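For reference, the structure is listed below as C-alpha cells.
The values are calculated or read from the model by the stated rules, or taken from the named source; none is laboratory data. The structure displayed is predicted, hence computed values, not measured ones. Cβ placement follows ideal geometry from the backbone for every residue including glycine, while neighbour counts extend to all protein chains displayed. Just the protein is used for accessible areas: all its heavy atoms, side chains included, with ligands, DNA and RNA removed. Shrake-Rupley method; radii C 1.70, N 1.55, O 1.52, S 1.80 Å.
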Amino acid sequence: GLPASLTLRFCPAWSSPHLQPKQHFSARQKLCLHGSSSYSTSAGAIKDVKDVKDFQALAEDSKKSPIILDFYADWCGPCKQLSPKLEKAAQTSQGAFQVRKVDVESPALAPIVQHLKIQSLPTLMVLHDGQIVANSIIIGLPDDQKLAAYVDMIRGLKKGAGEGEEG
C-alpha cells in the first residue's frame, strides 16, 4: 500500500469543456494529494519521478504551476512517440506547466501506479494545486490536435490559479 505519509482523498472537481477522456474517476472528482516535501525543479523541464517521496513532493510543487504526469514504460512504443511532443510543449510553455515522467515498471513507484489504477500506456494526468484533476486523464497516444487542446487547458489552469472556485 501507500506510505502513511501520503494521504489520498477525493475532492470536488474542476471541469474542462475541452476534453472528454476515458478515466478511472468520475468527472466530478479530483484525487487530492496531501504531503510535504521539497521537489524543486526548473519550470518546463521534463524530470523523472524516482519514488513515492518524489511523487508526494509534487503536490506542493503543483501549487506553483500545473504538472503533467506522464505514466510510461521503456518498452512502450506510443510512450516513445509522445515523449518528444511533451518535451516540445514544455519547452514552449514559458513555465505555464511542468512535465514529470512516472515509470510504471519502477518498484519504487508501484504503490502510486496501483492506487491510480494505471493499466494502459501512455497515461497522462494533470496535478494542480495538490490535486489530480480527474477529467485531465488521457489514456493512449493523443493526436496533435488533442494534445494541443490539452496544453491549452493546462495553461488555463495556471491563469485561473488563485481565483475563487464556484460552489
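For T92, only one of the following conditions fails: (1) open to solvent by 40 Å² or more (accessible area, probe 1.4 Å); (2) modelled with pLDDT of 90 or more. What is its number?
(2)
Out of R100, R155, I need the residue that is touching a Leu at 6+ places or on another chain (Cβ under 9 Å) and of a type outside the set (V, I, T). Which one?
The unique qualifying residue is R100.
Please state which one of G167, G130, G162, G156 is surrounded by fewer than 22 Cβ atoms within 10 Å (Cβ to Cβ), at positive phi and at pLDDT below 90.
Just one listed residue meets the conditions, G162.
For (1) closer than 17 Å to L124 by Cβ; (2) more than 13 Å from the chain's Cα centre (by Cα); (3) charged (D, E, K, R), each residue gets a yes or a no:
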| site | (1), (2), (3) |
| --- | --- |
| I46 | yes, no, no |
| V49 | yes, no, no |
| A59 | no, no, no |
| K64 | no, yes, yes |
| L69 | yes, no, no |
| Y72 | yes, no, no |
| Q81 | yes, yes, no |
| G95 | no, yes, no |
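Does P107 fit the bill of being surrounded by fewer than 18 Cβ atoms within 10 Å (Cβ to Cβ) and under 14 Å from V49 (Cβ atoms)?
For P107, the condition - surrounded by fewer than 18 Cβ atoms within 10 Å (Cβ to Cβ) and under 14 Å from V49 (Cβ atoms) - is met.
Could you list all residues from the range 55-81 that are within 15 Å of L116 (Cβ to Cβ) and open to solvent by 10 Å² or more (accessible area, probe 1.4 Å)?
Of everything in the range 55-81, those that are within 15 Å of L116 (Cβ to Cβ) and open to solvent by 10 Å² or more (accessible area, probe 1.4 Å) turn out to be Q56, Y72.
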